[in-house]
Amino acid sequence: QVRLVESGGGLVQAGGALRLSCAASGRIFNINAMDWYRQAPGKQRELVATITSSGSTNYADSVKGRFTISRDNGMSTVYLQMNGLNSEDTAVYYCHVFQSWVDFWGQGTQVTVSS
């Protein structure tokens with residue numbers, strides 16, 4: 001079992017920045033990758049960014065150049081630095097791990113961008 005707890009969401013003005021954190025606990029010793037997803041009202045959940053245990057990263061086109069995913073050395077905490085926020089970034093952001101054929105999700109943290 002993997003437990004994921006997100007934090008750092010909130011209300012920010014357009015053009016502002018937020019840093020999300022995801023703390024992982026439990027069976028984290030063999031996590032190969034961690035992701036950030038988001039879900040806006042009335043929309044499907046979408047992949048925002050991924051980071052692997054080797055440090056490789058991948059981003060959705062909509063956030064490239066604005067968001068940065070990073071991790072600590074042990075994959076116990078993953079961060080999402082979000083700059084240049086706009087109203088389309090308003091969503092609940094979720095941390096995700098796929099391990100041993102099981103999807104693990106955090107409870108989500110709300111990000112609201114006011115224009």
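Tell me, which longest segment in the chain has none of the chymotrypsin sites (Phe, Trp or Tyr not before Pro) that fall in DSSP loops with at most 10 further Cβ atoms within 10 Å? It runs 30-100.
Rounded to the nearest angstrom and listed largest first, the equivalent-ellipsoid semi-axes of region 29-115 from its Cα gyration tensor are 22, 15, 10. What FRET efficiency comes out for Ala40 versus Gln1 if R0 is 41 angstrom and r is the Cβ-Cβ distance? Round to the nearest 0.05. The formula returns an efficiency of 0.90 here. Measuring max minus min along each principal axis, the C-alpha atoms of region 12-60 give extents of 37, 24, 22 Å (largest first). Taking 0.36 nm per residue of separation and subtracting the current Cα-Cα distance, fully stretching the chain between Gln107 and Arg27 would add 27.0 nm.
Compared with the direct C-alpha span, the chain from Ala17 to Ser87 gains 24.0 nm at full extension, assuming 0.36 nm per residue.
No lab work stands behind these numbers, since they all come straight from the coordinates. Bear in mind the structure is a predicted one, so any value in this text is a computation, not a measurement. So basically every Cβ, Gly included, is an ideal-geometry build from the backbone, and we count neighbours across all protein chains shown.
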